[in-house]
Amino acid sequence: MKHARFTLVENSTPPGSGQTADAQAGMADIVASLDSRFIPAGETLARLVDAMGAVLSGLDTMSRVLGEDSGEDSEAAEALLCAARQLREAPARQAERSRQVTALARVMQQLGTHSAEIARILTVLEFYTVNLKIAAAGADEFVEFANDMSIKLKSGSREVEAFNNQIKLMQSSLTDMRRVDDVLARECARVIPQVPDRLVQEVDQLRSRQMWLAQVAAHSRDIILRLQGRVGDALGAMQIGDITRQRLEHVLDGCRMLESVLAQPEGADKAGTRGHMLRLFGDQLGDLTGDFIAQTGDLLDALGALGPDCTALLSHGHRDDMMQQSGHFLRDLGDCIAGAHGMTSQLQRANEKAVEIADVVVQVVHALRQRVQAIESLRFDVDYMAINVNIRARRDAQIGRPVAVIADEIRICSQQLAELILGIAKVADDLGIQSEAFEIGHEAGAQAGVDTMLTNALAIIQHGAGQSEEAMSEVNQRAQGIAGMIDVACDELSICGTLSESLRAMTDSFAVLAGADRADHNTATPHPAAALMDNLARRYTMSSERRVHDRHLLPGMEPLMGISTLHSGAGATNPPPDDDDALFDDALF
């Protein structure tokens, strides 16, 4: 990745004084440049982390939506398949219902015939009650019989009339059912099997589309997770900015303390103190420069590695295709549902009419049982009247013969009623069987309305598509922001190469300033340099500083790391690093 070169930011603090004035000014410039670049870059990377979190949230929303609507058991897919199954079964159900309607109509025709015959017999019996009064010459006991029977016959006639009305209602409903089924049969011929087959194809497309969307979301999620890991690496490497700033400030503090000591008129071994401290400062800067070069290299490598993934994330042609294909799919599904609307509406009407007929059949069966009992009771009364009239006619020879003839005719009517009741009982059994078959067939087809199922399925799919497209739009927008923030961070940190060169130059300048002067070990103890080092040691925050410090210990000084690392001592060993740097890292991040 190509980085622009920037000049160092000018130091805003007053320049130092004395022999290290130029060095102090240079380090102050580096500190200011670090602050002006690393702090904004860190803030940019923090915003980048937030942006990637928002993208992951959007992808989680997509995954959640797809998880609800994509599986084989999804509500929308099951609704479409159920609708297709009902549409495909509609012709067979319609044909079976037509057969049942025809059978019911035949039964109702028989009931109508029997009911009409009962009405005729009751009319004849009503006529015989009048003849009985005449034949009995107004005899009270016969007139009373005739009047009682006339009342019962009129009640029976009303029962028969009410039953006839129910038969007519049933026949009218069956006629309506035939008309509905005829229209349904024409609709079935028009759309079967094309529409149900297309619905099944739409379900396959739905599942393929949802699976593809899930793959798109998973691919984008993988990219974001890789970006997050690399941004984490960059944030870890960003700590070198704070480490460098603090170590430079410690060297600056040391320079100021040194200048203060050198400015005292009666200082001991000033040349040795100056040389020893400047070599310590140069060694600190040299150690720092090595760390800075290595870790800023890692930082720029981490930022550079973001580029390919960011490019992949921005290559959202597949997401644009997704939105376009989503629109095509919804339009095709809507056309398919609209094409089936005529048949689904007719299916709904047929189901509603079947419910109505089922209710009427239940009413007719219930009424038939009541009417049969009423007619049976009336038949017993008629038979009883015929017997009693015959008995009483024998006691009165003058009117006995004509009354006996009427009694015989009444008995004949009673027998006819008995035969009709037997016939009605048989028809009632047939009606019960047909009624049960009709109800079973109706229950098999009386699922949720196909039209409603298709409408609800389309609404579910449209809702899920809307949520997916909204989440994907957010992903696209955030992805563009992520790319911009990565570019900004790279620009802000492109100064690292210049800073590395400045640190090298600063290290060399301290070596030149130190010259050949060495601390005189014969000077009074403690040596002025030792006092300066002890004072400076209290400012250290990192083990790397302490290790460098221990390499410059004067006689009588205690090592900060526990084991002396005096370069003048034979067999000296470097101690293992402690956790100070890690503690520093934890404190910063």
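Read-outs: derived from the displayed coordinates by stated rules, not from any lab. For clarity, every value in this text was computed on a predicted model and none was experimentally measured. Here Cβ is always computed from backbone atoms with ideal geometry, including for glycine, and neighbour counts include all displayed protein chains.
Work out how far the C-alpha atoms of region 460-561 reach from end to end along every principal axis, then list the three figures in whole Å, largest first.
If we take the Cα atoms of region 460-561, the spans are 91, 28, 16 Å.
Run down the aspartates and glutamates and flag those whose C-alpha is under 15 Å from the C-alpha of residue 270, throwing out any fewer than 8 positions away in its chain.
Reachable aspartates and glutamates: 259, 517, 520.
Taking the mean number of other Cβ atoms within 10 Å as a proxy for protection, how do you rank 270-282, 404-416, 355-367 from highest to lowest? List each step's numbers first, then the result.
Values: 270-282: 22.1, 404-416: 18.1, 355-367: 16.4.
Final packing ranking: 270-282, 404-416, 355-367.
Add +1 for every Lys or Arg and -1 for every Asp or Glu among the other residues with Cβ under 15 Å from the Cβ of residue 415, and state the total.
On the way: positive: 120, 379, 411; negative: 117, 376, 381, 383, 408, 409, 419.
Its environment carries a net charge of -4.
Among the lysines, which fall within straight-line cross-link reach of residue 154, defined as a Cα-Cα distance under 22 Å, with same-chain neighbours fewer than 8 residues apart omitted?
Hits, sequence-local ones excluded: 133, 168.
What is the distance in Å between the Cα centres of region 275-293 and region 124-200?
Cα centroid of region 275-293 versus Cα centroid of region 124-200: 117 Å apart.
Arrange the peptides 299-305, 161-167 so that the one whose residues have, on average, the most other Cβ atoms within 10 Å appears first. Show your work: numbers first, answer last.
Working: 299-305: 19.6, 161-167: 16.6.
Put in order of decreasing packing, that is 299-305, 161-167.
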